[in-house]
Amino acid sequence: MRKLLKLAVCAGIVSPFCASAQLITVNEPSTSGSFNALISLMAADGAALHVGNGEANATAFTQLYWDVSASAWEVGSLSTDIEDFNFQLRNTNVQYFVQTGPTVDVGFVSNENWDLDELFINAYAVGDLGNSDPRVSLFDYSSKPGSTATDVPGDTAELVLADGVSAPVILEFEHINQTVSPLGPLYQSNEIRFNMFQGVNVDAQGAVVSYIKNEWLFGINDKNTDFDGDGDDGYFYFSGDIRPVPEPSQIAALSLLGLGAFLFVRRRLMKRGK
């Protein structure tokens, strides 16, 4: 009976001690040719996302869309063309996401300023937010004079669940600014450092009717939290098996579901052992 109980523990949704040592792996570039082609087009017009780049009249925007037929970004409005990709700025950003399936594709769309920066990913087993996988770099997008960038706009990455790992897995994205702190790199995981635009569906009048859970555009803001249009370091497009988890209580609920499943199995095994 003890062997069966151990097996039940390892098979449970929440089991930090039996979880895989590695939750996700990163493929660079993404294995999706169509995604790579889309990011290449988006990056070719990436400068359009930096409205008022470096100017005193830099414009903050809450809506934008990718015009498929023109292969261009349009800032400040939404499109009624069903082929276009519409994005709406979230009023409250998300700190944690859930990877609900095998893959998430990430594309590096643009870079604005001269900071030496990177975008990282942390992965956590559900119910074990205190113990992440080793921090993994997705993009090193430095454009600082004299430095060497390993990634440039147009590059892609793919987050893949490691062998033997089942969804869901909690994801947290981090921005690293290597120029802000004299004490060394400054990891900025707080969601206020991101401007998060979520994919939306609109009606014939251009009004938002629903949100698309698995389509996002992130802007990075390391200079301040105002995101006034001239403080961002890059934009990243996310697509795939990813869902927002806006409240810590929802993560706790996932943990409770896993714990409930484990307790149910344990109770059944104990009854059999009597």
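Points to keep in mind about this one:
- Residue list for segment 100-136, filter: open to solvent by 20 Å² or more (accessible area, probe 1.4 Å), more than 16 Å from Arg243 (Cβ to Cβ) and of a type in the set (Ser, Thr, Tyr): Ser132
- Scanning segment 131-162 for residues that are closer than 20 Å to Asp45 by Cα and among the polar types (S, T, N, Q) returns Ser142, Ser143, Thr156.
- Flag if Asn36 is surrounded by fewer than 21 Cβ atoms within 10 Å (Cβ to Cβ), at pLDDT 85 or above and polar (S, T, N, Q): yes
- The residues in segment 83-123 that are in a strand (DSSP E or B) and among the charged types (D, E, K, R) can be counted, and the count is 3.
- Checklist (1) assigned to a loop (DSSP other than H, G, I, E, B); (2) at pLDDT 85 or above; (3) open to solvent by less than 50 Å² (accessible area, probe 1.4 Å) applied to Pro29, failing item: (3)
- Selection within segment 137-152: residues that are modelled with pLDDT under 75 and more than 24 Å from the chain's Cα centre (by Cα). The member of this set that is least open to solvent (accessible area, probe 1.4 Å) is Ser147.
- Pair list, Cβ < 8 Å and 6+ apart or interchain, from segment 213-236 residues that are crowded, with 21+ Cβ neighbours inside 10 Å to residues that are at pLDDT 90 or above and assigned to a loop (DSSP other than H, G, I, E, B): Gly234/Pro153
- Count of segment 153-168 residues, restricted to those that are under 17 Å from Gly234 (Cα atoms) and surrounded by 21 or more Cβ atoms within 10 Å (Cβ to Cβ), is 4.
The values are calculated or read from the model by the stated rules, or taken from the named source; none is laboratory data. Note that this is a predicted model, so its numbers are computed, not measured. Virtual Cβ from ideal backbone geometry, glycine too; neighbours counted across all protein chains shown. For the accessible areas, the whole protein counts, side chains as well, though only heavy atoms, and no ligand, DNA or RNA atoms are used. Shrake-Rupley method; radii C 1.70, N 1.55, O 1.52, S 1.80 Å.
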